[in-house]
Amino acid sequence: MSAAPLTPSVTAARIWKLLRGIFGNELPVAIDLEVVRELLNQPAFGKGASLKKPIAFDAENFEGALVRNEDRHEEWGIFYKPRPKCPERERFTIAHEFGHFVLHREGRGRFQCDKAGITSGQDDDRNIEREANAFASQLLMPRDDLDKLLGEHRKVTFHLLSDIARTFQVSFEALCLRFIEITDQRAILIRWDNGFLDYERRSSSARRTRAGYKIPGKTQEPVAGSIAADASAIQCFDGEMQSAALWCAEEAPHMKLREFKHTYVDRDRVISLLLLESAEPRSWDRSWKDEDSFDSFDQFVSNGQFPVR
Ligand SMILES: [Zn+2]
């Protein structure tokens, strides 16, 4: 029988399965990356390779790297940008480099991960960055645990999502992106940089029902009348009811959504979450299937994510 291909999700699930087999219920929800590193040095993952302890390294335009030792080819080192105020970002970077180690190291001896290098890189580079991010996201926020934490509470709010982010020791934004990826609800996450739409991520049911705000190729600001557009509303963690049509032109007038807002400390970045009432899929429309799937790339390249405190 041939082994399953090493996709990010298969690999992350395999690591969790092995860890649960070893540690049982004593395993903390926020996974200990040193324990993962030791596991990655076992023959099942690290055959012919040895992954050393991650080392902090600071340089401009640098987030993390996985590098093979030129003199001892079996040795691999991880370097990560120190972020003393944001240890959850260090965790994500290290988990991302773990992803390159398990998924990509056969292909090359050096992975340097920074925003400029990634965005100007070849398609192949971008794909492996996406894969490393998907791996990190699934390793740090396994679906079962996230479902359980969400399931204990009927109502999703930014309070709940920030509590769960703390539980997993991930950034608030990384958790919100993971929530969008797994939720059954119609949900839209938008990040604004200096008042303009930077990216929009939609849950699968939002895409199926064509609910969205972003217009490709257009520079967009928050819609007038929204909480996002209200400069006096710095945070809106409980959410506020809005007409869904305010944000999503194709929504029926009676449909509602709940809008949440988080403004980061330096005020230049805002995260909006829109949770829409459920609706029937628009089955005649297939365009949502062509859309890029969830892009966890942004989890890695979005710098300066302050944890919600
Ligand atoms: Zn990378």
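Values in this text are rule-based calculations from the coordinates and carry no lab data. Being a predicted model, the structure only gives us computed values, none of them experimental. With ideal geometry, Cβ positions are generated from the backbone for all residues, glycine too; neighbour counts draw on all protein chains shown.
Its residue count N fixes a reference of 2.2 N^0.38 Å for the chain, and the Cα radius of gyration divided by that reference is 1.03.
Using a Gaussian network model of the chain with C-alpha springs under 10 Å, which one of Thr183, Thr219, Thr167 is most mobile by mean-square fluctuation? Result for the chain, Cα springs under 10 Å: Thr219 fluctuates most.
The protection proxy used here, the mean number of other Cβ atoms lying within 10 Å of each residue, ranks peptides 130-143, 150-163 as follows, highest first: 130-143, 150-163. With each label modelled as a point 7 angstrom along the Cα→C-beta vector, the Glu75-Tyr199 pair spans 3.5 nm. Positive-end ranking of Gln112, Leu33, Ser272 along the dipole of the chain, with charges on Cβ about the Cα centre, is headed by Leu33. Kirkwood radius and radius of gyration were both taken over the C-alpha atoms of segment 99-222, and their ratio Rg/Rh is 1.00. Against the chain, whose longest principal axis comes from its Cα atoms, helix 87-104 is set at around 60 degrees. Averaging the Cα positions of each part gives two centres, and for segment 1-62 and segment 214-274 these lie 38 Å apart. Listed values for segment 166-181 are Karplus-derived 3J(HN,Hα) couplings in whole Hz (6.51 cos²θ - 1.76 cosθ + 1.60, θ = phi - 60°), namely 5, 4, 7, 6, 10, 6, 4, 5, 4, 5, 4, 5, 5, 4, 4, 5, and x replaces Gly and Pro. Exactly which trypsin sites (Lys or Arg not before Pro) in segment 17-71 are in a DSSP loop and have at most 11 other Cβ atoms within 10 Å? Here the sparse-neighbourhood loop sites are Lys47.
Dipole size of segment 154-301 about its Cα centre, with +1 on Lys/Arg Cβ and -1 on Asp/Glu Cβ: approximately 340 debye, rounded to the nearest 20.
Across the options Phe23, Pro142, Gly77, the greatest Cα extent toward the positive end of the charge dipole of the chain (unit charges at beta carbon of Lys, Arg, Asp, Glu) belongs to Phe23. Evaluated with a Cβ-only charge set (Lys, Arg +1; Asp, Glu -1), the chain carries a dipole of roughly 440 debye about its Cα centre, given to the nearest 20. Label separation (Arg143 vs Gln185): 2.0 nm, computed from points 7 Å beyond Cα along the C-beta direction.
Pairs exceeding 28 Å between alpha-carbon atoms, taken from Lys17/Lys47; Lys53/Lys148; Lys81/Lys214; Lys52/Lys81: Lys53/Lys148; Lys81/Lys214. Multiplying the residue separation of Lys214 and Asp266 by 0.36 nm and subtracting their alpha-carbon distance yields 16.3 nm. Of the residues Glu173, Glu200, Glu34, the one that moves most in a GNM of the chain with alpha-carbon contacts below 10 Å is Glu34.
Per residue of the chain, the DSSP helices (runs of n ≥ 4 H) give a summed -39500 (n - 2.57) that works out to -11000 deg cm²/dmol at 222 nm. The calculated Kirkwood hydrodynamic radius for segment 154-301 is 15.5 Å, given to one decimal from all distinct C-alpha pairs.
Modelled label positions at Asp32 and Val10, each set 7 Å beyond Cα in the direction of Cβ, lie 3.0 nm from each other. Applying 1/(1 + (r/R0)^6) with r as the Cβ-Cβ distance of Ala56 and Ala249 and R0 = 35 angstrom yields a FRET efficiency of 0.15. Summing charges over all other residues whose Cβ lies under 12 Å from the Cβ of Asp268, with Lys and Arg as +1 and Asp and Glu as -1, gives 0. Among the trypsin sites (Lys or Arg not before Pro) in segment 160-226, those located in a DSSP loop and surrounded by at most 13 other Cβ atoms within 10 Å of their own Cβ are Lys218.
May I ask for the Rg/Rh ratio of segment 8-140, computed from Cα atoms with Rh as the Kirkwood radius, given to two decimals? Value, to two decimals: 0.95. The residues neighbouring Met141, those whose beta-carbon lies less than 14 Å from its own, together hold a net charge of -2 under the Lys/Arg +1, Asp/Glu -1 convention.
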